[in-house]
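Engineer: Please see the structure below; I have some questions.
Bear in mind that the values in this text are calculations on the coordinates, not laboratory data. Fair warning: this is a prediction, and the values are worked out from it, not measured in the lab.
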Amino acid sequence: MTAATSKQIEDTIEKERGRLFAFIRRNVPSKEEAEDIFQDVLFQFANAFESIEFMDRVSAWLMRVAKNRIIDSRRKKKPQAF
């Protein structure tokens with residue numbers, strides 16, 4: 001990863017951070033779970049940055065990945081108290 005690529009990733013994350021986290025937080029029951037999903041989305045973004053074809057749609061891409069992670073977290077079986 002070049003320095004320019006790293007800078008682009010940082011700038012994009014800084015720009016989208018507030019809105020993305022707010023979206024995730026509205027859709028999950030706890031702040032801790034929202035932070036975990038947020039970190040997963042950012043990690044996936046950093047790994048896929050080079051392959052994202054349309055950088056003008058990166059916001060939509062991030063929201064879609066976040067939505068998929070939220071759905072995945074809801075599907076996980078969670079322990080239930082007796």
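Engineer: Normalised by the residues of the chain, what does the relative contact order come to in percent, with Cα pairs under 8 Å and at least six apart?
Structural biologist: Working: 32 pairs, mean separation 26.8, N = 82.
About 33 percent, as a whole number.
Engineer: Hey, what number do you get for the chain at 222 nm if only DSSP H runs of n ≥ 4 count, each worth -39500 (n - 2.57), divided across all residues, to the nearest 500?
Structural biologist: Value at 222 nm, helices only: -25500 deg cm²/dmol.
Engineer: A follow-up question, please. Would you work out the Kirkwood radius for the chain? I mean one over the mean of 1/r across all pairs of different Cα atoms, in Å. Spell out each step's value before the answer.
Structural biologist: Numbers: mean 1/r = 0.0735 Å⁻¹.
Over the chain, the inverse of the mean reciprocal pair distance is 13.6 Å.
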